[in-house]
Each structure stands twice: as structure tokens, then as C-alpha cells.
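The values are calculated or read from the model by the stated rules, or taken from the named source; none is laboratory data. Owing to the predicted nature of the structure, the values given are computational and were not obtained by experimental measurement. In this analysis, Cβ positions are derived from the backbone assuming ideal geometry, glycine residues included, and neighbour counts consider all displayed protein chains.
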């Protein structure tokens, strides 16, 4: 499934930050989702993940990256001690 104006788009492949995902035609209208950035006439991975697309106009990366949430009262490097 190729987006309008996309010359090469291998969906469902693993990419690393900086890898080219697809080359775009100048008039291409593609929504860029999480983990993907537009660099001139190409889409580039901003983080590691699997390339996914919806229809012919949206591209994003799925990854196993999650936010760490500390439990209440846990000391962290950037946290403030209780009562400060």
C-alpha cells in the first residue's frame, strides 16, 4: 500500500533512527506520526521501531518504548524530596 507520491515505502520493516523510510514526491500529502519526521523529500525514522501506515496518507513507527512512572514516594535523580 503506497501513499500518493511515495516512491518507496516498505511497510512493516524494522528501522533505526536516521534510516530513510520513503521518498516523497514534492506534492505528496502524508501525515507524519510518532517516530517519523519529514526531511525535505523523504521520511526519516526518529527512533527505532516498525514502520506502519494507515490507508494511503499516514505513516508512523510502532515501538516498545514506554514512559517510566515512579511510584509515589520513590526517590529519583530529578525528583524533589517530600516536604520541599
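Scanning the stretch 34-62 for residues that are touching a residue at least 12 places away in the same chain (Cβ under 8 Å) and more than 15 Å from residue 11 (Cβ to Cβ) yields a total of 8. Name the single residue that is modelled with the lowest pLDDT among those in the stretch 20-56 being in a loop (DSSP other than H, G, I, E, B), exposed (fewer than 15 other Cβ atoms within 10 Å of the Cβ) and in contact with a strand residue (DSSP E or B) (Cβ under 6 Å, 6 or more places away or on another chain). That would be 41.
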